[in-house]
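Presented below is the structure to which this report refers.
Read the figures in this text as sums done on the coordinates, not as results from a lab. Just so it is clear, the model here is predicted, and its values are computed rather than measured. Cβ atoms come from the backbone with ideal geometry, glycine included; neighbour counts cover every protein chain shown.
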Amino acid sequence: MRLKIASTGNAGVRLENAAGRLYIDSFFREASGVGGRPNLRGADAGPADLILVTHAHRDHVYPRETLEAANASGAVVAGPAAAIGYFENDLPAARLLTLEPAEGREPPATASATVGGIAVTAFRTYHGVGHNSYLVEMGGVRVFHDADNERTQPMDLDSLGRVDLLLLCPWAGSGAGDFVARLNPGKWLLIHMNADEIADHRAGRFLPDLVSPVPEGVVALAPGETLEI
């Protein structure tokens, strides 16, 4: 089954195919120097099954915009407890899903759920407390959104299995180059980039300062751009 991915700015993406439609970190507030601007207002989200939040930092979730998106789309909002707590007084319990794997495990602990035709496994990865990376399966297409994970080295490749699309924020020292080589995804995209960083990547200047080895075939989508796999 084909999958369409659209950048909604920073680490935000919209994924959709016949199995469903979901957003990850799409409704956020710009934080100077650490990523791009939002490309989508919550009120304009359109119908969706699921809104996933990786962690409670404002450049990944802005409560007002995310609540507007939930109301506009009818989606379930899922994520770690610190993020879900923003919405407990405004959304019914049936529309909230807490994914809270245990902290401090190597390889990372997991928690799983299914919403409609979308299966999600949350991995408790490394970026302060309460940070999730997500493996999403939609109609047989498997996507791993690594969010702000600063340490890819402890990831268990057997628990990830086949990954058709990897979404990766390449922190210096995160081992991202080796992670891509070990995982060998069908396609991979850079996320959590501002306009200048995307321009540097397209000129071949961005990744060499952060990642060694530099994997081939990486794509960075500007906000609003789409890709189909």
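The table below lists the values:
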| read-out | value |
| --- | --- |
| Isotropically averaged projected area of the chain, using the convex hull of Cα atoms (one quarter of hull area), nm² | 10.9 |
| Cα-based radius of gyration of the stretch 1-50 once divided by 2.2 N^0.38 Å, which approximates compact folds | 1.19 |
| Pairwise FRET efficiency - residue 31 versus residue 105, Cβ, R0 = 35 Å, nearest 0.05 | 0.80 |
| The stretch 186-208 residues near the modelled residue 226 label - backbone nitrogen below 20 Å, point 7 Å along Cα→Cβ | 187-191 |
| Taking 171, 188 and counting other C-beta atoms within 10 Å, the order from fewest to most | 171, 188 |
| Separation of the residue 199 and residue 181 label points, Cα + 7 Å toward Cβ, nm | 3.2 |
| The stretch 182-223, relative contact order in percent, only Cα pairs under 8 angstrom and at least six apart counted | 55 |
| Ranked 187, 4, criterion: other C-beta atoms within 10 Å, fewest first | 4, 187 |
| Cα centroid of the stretch 1-53 to Cα centroid of the stretch 56-94, whole Å | 13 |
| Residue 172/residue 2 FRET efficiency (R0 41 Å; Cβ-Cβ; nearest 0.05) | 0.75 |
| Residue-averaged [θ]222 nm for the chain, counting only DSSP H segments that reach four residues, each worth -39500 (n - 2.57) | -4000 deg cm²/dmol |
| Residue 43/residue 210 FRET efficiency (R0 30 Å; Cβ-Cβ; nearest 0.05) | 0.25 |
| Rounded to whole Hz, the Karplus (6.51, -1.76, 1.60) HN-Hα couplings of the stretch 122-129, x for glycine and proline | 8, 10, 7, 9, 10, 6, x, 9 |
| Among 25, 156, 49: highest mean-square fluctuation, GNM of the chain, C-alpha pairs under 10 Å | 156 |
